[in-house]
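Reviewing the structure listed below.
The values are calculated or read from the model by the stated rules, or taken from the named source; none is laboratory data. Keep in mind that what you see is a predicted model, and the values were worked out from it rather than measured. Note that we place each Cβ from the backbone using ideal geometry, even for glycine, and neighbour counts take in every protein chain shown. Calculation scope for accessible area: heavy atoms of the full protein, side chains included, ligands and nucleic acids excluded. Shrake-Rupley method; radii C 1.70, N 1.55, O 1.52, S 1.80 Å.
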Amino acid sequence: MMADVTPGMIFTDILKSKSPAARAWIRGNAQNPQLRGVVNFYSTPYAGVLVEAEIFGLPNIATQFSSDFYAMHIHEKGDCTMPFDNTGGHYNPAEEEHPQHAGDMVPLMGNQGYAWLAFYDRRFLIPEIIGRSVVIHQMPDDMKTQPSGNSGEKIGCGPIVPIS
């Protein structure tokens, strides 16, 4: 008897056994030099992208048992020169209202400075985001304020590059 296979099972297999097609190495701004991490982008058989993020050194690292949310977006430009002012707006090729931008991603939940998450997204394809950047903001995205969710200062940034 053959077992049913769910997308989640396929995503787990992709994370365990496949290489990402693109990656952004995140580094913190001058006020958060301890912030580091990686965001990986994987192709899937479902015409969408599997995103995996692992971030260290978020601002709540020193507060025992703390958790905080941080906005994470894909921005138009891949220029992560400090203080990350050259990243442009959110990646938004369909010119949608926030939070429907293709670059609006799931928020990070930092638990004493560490966050890991994986999610599936069909609003962009990997070739469309190469050369753009992943930006982490100091506050959670409120999911309503235009144009970018009132998410505060850019505390982390990494250009999205293809993996050869």
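Quick notes on this one:
- Contact order relative to length of region 75-164, as percent, for alpha carbon pairs under 8 angstrom and 6 or more apart: 32
- Mean separation of Cα contacts under 8 Å, 6 or more apart, over the residue count of the chain: relative contact order %: 28
- Stokes-Einstein diffusion for the chain, with the hydrodynamic radius set to the Kirkwood value over Cα pairs and evaluated at 25 °C in a medium of 0.890 mPa s, equals 153 µm²/s.
- The lysine pair tally for region 15-164, using Cα distances under 28 Å and a gap of 8 or more places or different chains, is 4.
- Accessible area of M9 in the full protein assembly, 1.4 Å probe (Å², nearest 10): 100
- Largest to smallest in accessible area, the residues D68, D121 fall in the order D68, D121 (1.4 Å probe, all protein chains included).
- Surface share of carbon and sulfur [accessible, 1.4 angstrom probe, percent] for region 39-98: 50
- Accessible area (Å², 1.4 Å probe, nearest 10) - M109: 90
- Choice from N29, N92, N60 showing the highest fluctuation, given a GNM over the chain with Cα pairs closer than 10 Å: N60
- In degrees, nearest ten, helix 7-17 long axis to first principal axis of the chain (Cα): 80
- Counted charge near I26, where neighbours are those whose Cβ lies closer than 12 Å (Asp, Glu -1; Lys, Arg +1): +3
- Binning the alpha carbon pair distances of region 89-149 at 5 angstrom intervals from zero yields the distribution 4, 15, 26, 26, 19, 9, 2, 0, expressed in whole percent.
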